[in-house]
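Working notes, beginning with the structure itself.
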Amino acid sequence: RNTFIIFLVSGFWHGANWTFIVWGGLNAIFIMPSIIFNTNRNNFETVAKGKKFATVGEFFNILLTFTLVLFAWIFFRANNLTHALSYIGKIFSKSLFTMPALDVSKYQLLQIAILIIAFMTVEWFGRENRYAIEKLKGLKSRNFRLAFYFSMILIAFLFMGRAQAFIYFQF
């Protein structure tokens, strides 16, 4: 009960809108099974620690957690509950199985896919370190490190899209 209340209050703390309350409630619902079955203290270790790849079960848990967090974020970013429910309705409509019309070229999609795969690979293999890029072999060299950081900044500028106010500035 107390944990549920804390999550609801954290939703309210993010803003005086029902969408934030729902966001907090969803997060509470998602964590409750772990608290009820007293498994919430079993998940402090790094996933697949000491192994190159996750087991099927670990991979499923990663995917499930990611999906639930993304689902809750729909409410966090929506203007109101009607907007959030409309968005969810569009996700689970027949269009789920059709390719959306995108305003990008195939070349841009390929670039984005390569970047996502590269970043996820760096994060996965660096997950046991304080920082994921900490163990990249070339980062020991100052010149390589500067080139790497410069390229990351350049990539961020190339793919940043339209300007948007930081969400906490919108309250």
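Observations, loosely collected:
- Unique match (being surrounded by 12 or more Cβ atoms within 10 Å (Cβ to Cβ) and touching a helix residue (DSSP H, G or I) at 6+ places or on another chain (Cβ under 9 Å)) among 61, 42, 17, 79: 17
- Among residues of the stretch 108-130 that are over 20 Å from residue 156 (Cα atoms), those with a Cβ under 6 angstrom from a residue that is loosely packed, with under 13 Cβ neighbours inside 10 Å, sequence gap 6+ or separate chain, pair up as 127/46; 128/46.
- Residue list for the stretch 84-99, restricted to those being open to solvent by less than 80 Å² (accessible area, probe 1.4 Å) and without any contact (Cβ under 8 Å) to a residue 40 or more places away in the chain: 86, 88, 89, 91, 93, 95
- Residue list for the stretch 1-19, filter: modelled with pLDDT under 85, assigned to a helix (DSSP H, G or I) and of a type in the set (A, V, I, L, M): 5, 8, 9
- Residue among 159, 171 that alone is of a type in the set (Phe, Trp, Tyr) and either more than 20 Å from the chain's Cα centre (by Cα) or at pLDDT 80 or above (or both): 171
- Just one of (1) of a type outside the set (Phe, Trp, Tyr); (2) loosely packed, with under 14 Cβ neighbours inside 10 Å; (3) over 17 Å from the mean Cα position of the chain (by Cα) fails for residue 67. It is (3).
- When the stretch 130-147 is filtered for residues that are over 18 Å from residue 62 (Cβ atoms) and open to solvent by less than 60 Å² (accessible area, probe 1.4 Å), the ones remaining, listed by number, are 133, 136, 138, 139, 141, 147.
- In the set (1) assigned to a helix (DSSP H, G or I); (2) more than 21 Å from the chain's Cα centre (by Cα), residue 22 fails one condition alone, (2).
The values are calculated or read from the model by the stated rules, or taken from the named source; none is laboratory data. It should be emphasised that the depicted structure is a prediction, and the values quoted were computed from it without experimental measurement. Here Cβ is always computed from backbone atoms with ideal geometry, including for glycine, and neighbour counts include all displayed protein chains. With ligands, DNA and RNA removed, areas are computed over all heavy atoms of the protein, side chains included. Shrake-Rupley method; radii C 1.70, N 1.55, O 1.52, S 1.80 Å.
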